[in-house]
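Q: Here it is, the structure, as structure tokens.
The values are calculated or read from the model by the stated rules, or taken from the named source; none is laboratory data. If you're wondering where the values come from, they're calculated on a predicted model, not measured in any experiment. Neighbour counts are summed over all protein chains in view; Cβ atoms, including those assigned to glycine, are modelled from backbone coordinates with ideal geometry.
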């Protein structure tokens, strides 16, 4: 039995642009701070170094890995930091060559000197490796720790062993989709009910609901902000934001003051098939334009794929023909989170390990299953839709141009959302007992595909579009 994973592990509030390369290193820096504080070494630290390896080094500048490390070492938290501080604080540190460790202990810190990018080296534990070293005034090493950012903002420390007795024991332990389906049959219930029972081992039902509705609120705000912000994205590629223009052209004259009123304006109009598809793409791109701009989004299950689930949720709310309540939103997110955890346990959600099939593919499968159950599909149909969605993302590479989560990442979220809805529609018209492929088989296949995939197609910017697009931006 693997370590239990909560829905709140799979759906996390954070800051863009990358869960593996921004959120993960940020969390690792926070963990290193805690180690220094626990060992009473924080105020003894005279110099601190950070070393990035593998994919973290190769695409670190484009993903803001160096910024994330500065923010984490400063004691800031990605869930709560004011968005305007995300860019401002690293700039202040760079200009002053000073860093306040945990906001309290000042050290000399020159990012270009004290953050090292080891482009040709990779640590043995994972493609995303980083090392922190704290040194005192006498050049003695106070603390040295190696971490791996393993996807979706999850971080593990080298040598870390989780003891069996410390694991949370759930009433319905799930490693594979077959486990989940078995429980649903035995209990004669839906997927969301099994997941909720497990979640109540961590927090009560009211806390689960409020937490998931908070996640929904962040999703709503990221779509809304993305649909009302124009201009170019940072990073040097000069990518023009498109969601706001699509929103304006699709909605036409309308009066609203917030995200909820805006959604009601969308829902009140009648659209043809082509227009609905255009809206779906708009919702997905809006989130990932915000993500690329270092905005606040929900890692679902990663930042690079953060637009898929919100886009499908918006489709569910605005266009499915069902009156979607807050409880329906909560159920949707419970199902999505559990399906994501099955992929994390059986394969990976890290593009540095599995290519973009591990990000867009997984998010599409999560959204498909949640939508299917939300539209009153059976447990078998929900799991079938997740299988269909992933089956048609197998082998998808991760090849970000200039290491930025922009080209082709933003558009891929639109494609993943449409595939999720298509997979749901197919499953709802199918008999899952006659399916030739199971979800567990496609998870296994995805992992085997990841292992066979060339490293240059795993978030290194060393293959695919990343080497065939002529635009080159000097790293700064």
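Q: So, of the residues in the stretch 54-71 that are part of a helix (DSSP H, G or I), out of contact with any strand residue (DSSP E or B) (no Cβ under 7 Å at 6 or more places or on another chain) and at pLDDT below 95, which turns out to be surrounded by the fewest Cβ atoms within 10 Å (Cβ to Cβ)?
A: For the stretch 54-71, the residue satisfying everything is 61.
Yes or no, residue by residue, for (1) over 16 Å from residue 410 (Cα atoms); (2) crowded, with 24+ Cβ neighbours inside 10 Å:
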residue: 311; (1), (2): no, yes
residue: 319; (1), (2): yes, no
residue: 333; (1), (2): yes, yes
residue: 337; (1), (2): yes, yes
residue: 343; (1), (2): yes, yes
residue: 355; (1), (2): no, yes
residue: 358; (1), (2): no, yes
residue: 361; (1), (2): no, yes
residue: 371; (1), (2): yes, yes
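Q: Moving to a separate point now. Consider the stretch 76-90. How many of its residues are assigned to a loop (DSSP other than H, G, I, E, B) and in contact with a helix residue (DSSP H, G or I) (Cβ under 6 Å, 6 or more places away or on another chain)?
A: Residues that pass the stated criteria total 1.
Q: Can you find a residue that is outside any loop (DSSP other than H, G, I, E, B) and touching a strand residue (DSSP E or B) at 6+ places or on another chain (Cβ under 8 Å) anywhere in the stretch 323-331?
A: Looking for residues that are outside any loop (DSSP other than H, G, I, E, B) and touching a strand residue (DSSP E or B) at 6+ places or on another chain (Cβ under 8 Å), one finds none in the stretch 323-331, hence no.
Residue-by-condition table, conditions (1) modelled with pLDDT of 95 or more; (2) outside the structural domain of residue 400 (by TED's automatic domain parsing); (3) outside any helix (DSSP H, G or I):
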position: 2; (1), (2), (3): no, yes, yes
position: 29; (1), (2), (3): yes, yes, no
position: 33; (1), (2), (3): yes, yes, no
position: 36; (1), (2), (3): yes, yes, no
position: 41; (1), (2), (3): yes, yes, yes
position: 44; (1), (2), (3): yes, yes, yes
position: 49; (1), (2), (3): yes, yes, yes
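Q: Search the stretch 109-118 for residues being in contact (Cβ under 8 Å) with a residue 24 or more places away in the chain and over 24 Å from the mean Cα position of the chain (by Cα), and hand back the single one that is nearest to residue 44 (Cα to Cα).
A: Once the filter is applied, the top-ranked residue is 109.
Q: Ok, one more. Answer yes if at least one residue in the stretch 100-108 is in contact (Cβ under 8 Å) with a residue 40 or more places away in the chain, surrounded by 13 or more Cβ atoms within 10 Å (Cβ to Cβ) and within 26 Å of the chain's Cα centre (by Cα), and no otherwise. Walk me through how you get there before you give the answer.
A: Pass one, the stretch 100-108, residues in contact (Cβ under 8 Å) with a residue 40 or more places away in the chain: 101-102, 104-105, 107-108.
If we keep only those that are surrounded by 13 or more Cβ atoms within 10 Å (Cβ to Cβ) as well, we get 101-102, 105, 107-108.
Pick out the ones that are also within 26 Å of the chain's Cα centre (by Cα) and you get 102.
Yes: one or more hits.
Q: Read through the list (1) over 30 Å from residue 243 (Cβ atoms); (2) not assigned by TED's automatic domain parsing to the domain that holds residue 439, then give the number of the only condition that residue 191 fails.
A: (2)
Q: Now for a different question. With the structure loaded, tell me whether residue 425 is within 30 Å of residue 246 (Cβ to Cβ), outside the structural domain of residue 119 (by TED's automatic domain parsing) and in contact with a helix residue (DSSP H, G or I) (Cβ under 6 Å, 6 or more places away or on another chain) or whether it fails that test.
A: On the way: within 30 Å of residue 246 (Cβ to Cβ): yes; outside the structural domain of residue 119 (by TED's automatic domain parsing): yes; in contact with a helix residue (DSSP H, G or I) (Cβ under 6 Å, 6 or more places away or on another chain): no.
Considered against the rule, which asks whether it is within 30 Å of residue 246 (Cβ to Cβ), outside the structural domain of residue 119 (by TED's automatic domain parsing) and in contact with a helix residue (DSSP H, G or I) (Cβ under 6 Å, 6 or more places away or on another chain), residue 425 comes out as no.
Q: Out of the residues in the stretch 457-471 that are out of contact with any helix residue (DSSP H, G or I) (no Cβ under 7 Å at 6 or more places or on another chain) and surrounded by fewer than 17 Cβ atoms within 10 Å (Cβ to Cβ), which is nearest to residue 61 (Cα to Cα)?
A: It comes out as 467.
Q: Further, regarding this structure: If residue 147 passes every condition in (1) closer than 22 Å to residue 201 by Cα; (2) buried (at least 19 other Cβ atoms within 10 Å of the Cβ) but one, which one does it miss?
A: (1)
Q: Taking residue 323 as the residue in question, decide whether it is closer than 20 Å to residue 370 by Cβ, more than 24 Å from the chain's Cα centre (by Cα), without any contact (Cβ under 8 Å) to a residue 24 or more places away in the chain and not assigned by TED's automatic domain parsing to the domain that holds residue 153.
A: Answer is yes for this residue.
Q: What's the number of the only condition in (1) at pLDDT 95 or above; (2) farther than 15 Å from residue 351 by Cα; (3) in contact with a helix residue (DSSP H, G or I) (Cβ under 9 Å, 6 or more places away or on another chain) that residue 434 fails to meet?
A: That leaves (3) as the condition not met.
Q: Identify, please: which residue in the stretch 113-137 is touching a helix residue (DSSP H, G or I) at 6+ places or on another chain (Cβ under 8 Å) and surrounded by fewer than 17 Cβ atoms within 10 Å (Cβ to Cβ) and is, among those, farthest from residue 156 (Cα to Cα)?
A: My answer is 119.
Q: Quick check on the stretch 1-41: of everything there that is over 27 Å from residue 57 (Cα atoms) and without any contact (Cβ under 8 Å) to a residue 24 or more places away in the chain, which residue is farthest from the chain's Cα centre (by Cα)?
A: 40
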